[in-house]
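Notes follow the structure.
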Amino acid sequence: MYDRMKKFLLRCVDLLIAVVLVGALLAYVVINSVLMTSVVNDLLLDTYVTYDTGFGIVMLILLLGWGPVWLSRSLRDRR
């Protein structure tokens with residue numbers, strides 16, 4: 001009985017940590033999207049962009065920058 005309770009509590013702690021990490025990642029993306037939108041609007045282009053455009057720019061940078069690095073490292077570690 002004690003082992004089952006211990007496994008259950010450890011699983012709950014792991015779930016809580018995963019939720020906190022996902023929340024932190026989402027907060028990071030939202031903050032960067034707002035900052036990117038502000039920076040692009042401060043450039044005084046011909047039109048103002050919305051938060052959707054800032055989110056798109058941040059996701060483009062994340063996918064083009066971190067995606068290939070993560071993929072190359074994971075492939076290198078498998079060898």
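The values are calculated or read from the model by the stated rules, or taken from the named source; none is laboratory data. Worth saying up front: this structure is predicted, and the values here are computed from it rather than measured. Note that each Cβ is placed from the backbone with ideal geometry, even for glycine, and that neighbours are counted across all protein chains shown. Only protein heavy atoms, including side chains, enter the accessible area calculation; ligands, DNA and RNA are left aside. Shrake-Rupley method; radii C 1.70, N 1.55, O 1.52, S 1.80 Å.
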Check: Just one of the numbered conditions (1) of a type outside the set (D, E, K, R); (2) touching a helix residue (DSSP H, G or I) at 6+ places or on another chain (Cβ under 7 Å); (3) in contact (Cβ under 8 Å) with a residue 24 or more places away in the chain is not true of M36; which one?
Finding: (3)
Margin query: Need the failing condition index for L26 against (1) in a helix (DSSP H, G or I); (2) surrounded by 12 or more Cβ atoms within 10 Å (Cβ to Cβ), just the number.
Written below: (2)
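Within the range 50-67, take every residue that is assigned to a helix (DSSP H, G or I), open to solvent by 70 Å² or more (accessible area, probe 1.4 Å) and of a type outside the set (D, E, K, R) and give me the one that is nearest to Y28 (Cα to Cα).
Applying the filter and picking the extreme gives F55.
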Margin query: Can you say whether R4 is surrounded by fewer than 10 Cβ atoms within 10 Å (Cβ to Cβ) and either touching a Leu at 6+ places or on another chain (Cβ under 7 Å) or of a type in the set (K, R) (or both), as far as the supplied structure shows?
Written below: yes
Next item on the list: Would you point out which residue out of D46, D14 is open to solvent by 90 Å² or more (accessible area, probe 1.4 Å), in a helix (DSSP H, G or I) and among the charged types (D, E, K, R)?
Entry: D14
